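I have placed the structure first, in the form of structure tokens, so that the comments after it can refer back to it.
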Amino acid sequence: MQNRRDWLKKALMASAALPLGASLGEQLMAAPVSETERRFMRSRYAGLIKVRLGSNENPYGPSERARKAISEIISETNRYPFQSVTEFKKVLAEYEGVTPDHILVGAGSSDLLCATGSAFGVEEGAVLSPNPTFPMLMNYASVYSALWDKVDLNDKLEIDYSLLASRIHGGTRLVYICNPNNPTGTLVDPTLVRSFCEDISGTVPVFADEAYLEFLEPSQQLSMIALIRRDKEVIVSRTFSKIYGLAGLRIGYLIARPDIAKKIARHHPGIPTNQVGLAAATASLGDKDFMALTRKKNAVARKHLTNYLEKKNLIYGESHTNFVMFDPNTDGHQVVTRLAEKGFGIRVWDYKSKPWCRVSIGTLDEMKMFTRALDSAF
């Protein structure tokens with residue numbers, strides 16, 4: 001009970017520190033990732049977006065399996081999903097080779113990142129991560145007085161795991177990594193990442209965000225879940241929002257040692273999911289044909305974009321995902337605004353004192369339209 005009171009006290013103190021008129025959810029969940037993007041989101045151009053290339057969504061989903069499951073579950077949506085969550089955890093446990101006690105189900109992986117940030121943020125200390133990366137966990141940890149220690153990427157926009165390891169100190173409570181990394185799309189050899197997680201987790205827990213793992217070819221999909229089966233202090237998050245095409249249904253899951261999963265669950269809402277999403281996710285899980293089709297189409301459309309960037313001599317990260325981050329070599333805010341005027345929505349990321357652009361990969365036709373629009377945005 002004392003822990004609960006302490007957590008609530010910190011949450012109220014953190015909320016009081018936010019700008020007047022801004023709720024905790026508005027500050028952290030809406031999460032434009034930079035001041036550049038905040039300015040854009042407030043502008044009149046945000047409502048002009050017709051081609052959405054800003055949220056790394058799958059333009060080909062959901063799969064036929066998911067569509068069929070959705071139509072069949074509609075009659076059950078008057079019921080709370082308590083039993084459905086229990087059954088879903090059993091399905092996931094068998095698929096991942098763990099027990100249901102290792103699994104926490106949430107409304108997308110962002111929901112679980114927030115809960116983890118809260119769980120480790122209340123311990124104060126620091127959370128260590130590469131920079132830039134997906135900020136949700138660290139944003140939440142920072143609310144609870146935790147520091148956010150950032151380590152810049154290398155010249156190839158890849159995570160430098162040796163440098164990351166060297167920055168761990170006595171106050172580090174958690175290390176967050178994302179491979180492939182968001183927003184850069186870059187990949188570090190998964191065997192090197194596994195060695196990092198195995199070594200570091202003996203000192204401090206490691207959170208491995210695997211939201212984009214399925215965009216790798218199957219031979220490259222080396223998950224850190226294998227370390228959890230060996231009782232290492234590693235936490236893995238996965239989502240159905242990306243390659244499975246279920247972003248609007250909000251289903252994700254976290255895998256960790258049962259004691260760690262319970263620790264995070266204390267900071268997680270009780271019913272964050274729904275019958276439709278659970279049914280669609282269950283039907284989608286492991287759909288190799290659909291994932292292969294998505295990877296193939298994504299690679300072709302991504303190649304069109306990178307060919308364009310190379311032709312324009314623009315620096316970009318070598319992406320293994322469904323997005324590419326590039327240096328526009330001009331005012332990134334103006335590029336985003338001009339694209340919005342033409343109906344294209346992308347994201348901006350502040351890195352090394354200037355705004356970089358991140359564009360999600362749409363269909364090939366969308367990317368052809370996008371590069372034509374980008375030509376006139378400079």
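Taking the condition modelled with pLDDT under 95, closer than 24 Å to Asn298 by Cβ and touching a helix residue (DSSP H, G or I) at 6+ places or on another chain (Cβ under 7 Å), does Ser110 pass? Here the answer is yes, as Ser110 does meet what is asked.
For the stretch 206-237, taking the residues that are closer than 21 Å to Asn56 by Cα and among the acidic types (Asp, Glu), the one that is farthest from the chain's Cα centre (by Cα) is identified as Glu217. Considering the stretch 194-248, and only residues there that are in a loop (DSSP other than H, G, I, E, B), acidic (Asp, Glu) and within 19 Å of Leu174 (Cα to Cα), the residue that is least open to solvent (accessible area, probe 1.4 Å) turns out to be Glu210.
The set of residues in the stretch 283-300 being open to solvent by less than 30 Å² (accessible area, probe 1.4 Å), in a helix (DSSP H, G or I) and over 20 Å from His320 (Cβ atoms) consists of Ala283, Ser284.
Return yes or no: is Thr99 open to solvent by 10 Å² or more (accessible area, probe 1.4 Å), among the polar types (S, T, N, Q) and in contact (Cβ under 8 Å) with a residue 24 or more places away in the chain? Yes: the conditions hold for Thr99.
Any residue that is farther than 24 Å from Ile264 by Cβ, open to solvent by 20 Å² or more (accessible area, probe 1.4 Å) and in contact (Cβ under 8 Å) with a residue 24 or more places away in the chain - is there at least one of those in the stretch 159-173? Yes, that holds for at least one residue.
Being among the polar types (S, T, N, Q) and within 23 Å of Asp259 (Cα to Cα) is a property that holds for Thr203.
The values are calculated or read from the model by the stated rules, or taken from the named source; none is laboratory data. On a predicted model such as this, the values are computed, not experimentally measured, just so you know. Don't worry about glycine lacking a Cβ; one is built from the backbone with ideal geometry, like all the others, and counts go over all protein chains shown. All accessible areas refer to the heavy atoms of the entire protein, side chains included, with ligands and DNA or RNA removed. Shrake-Rupley method; radii C 1.70, N 1.55, O 1.52, S 1.80 Å.
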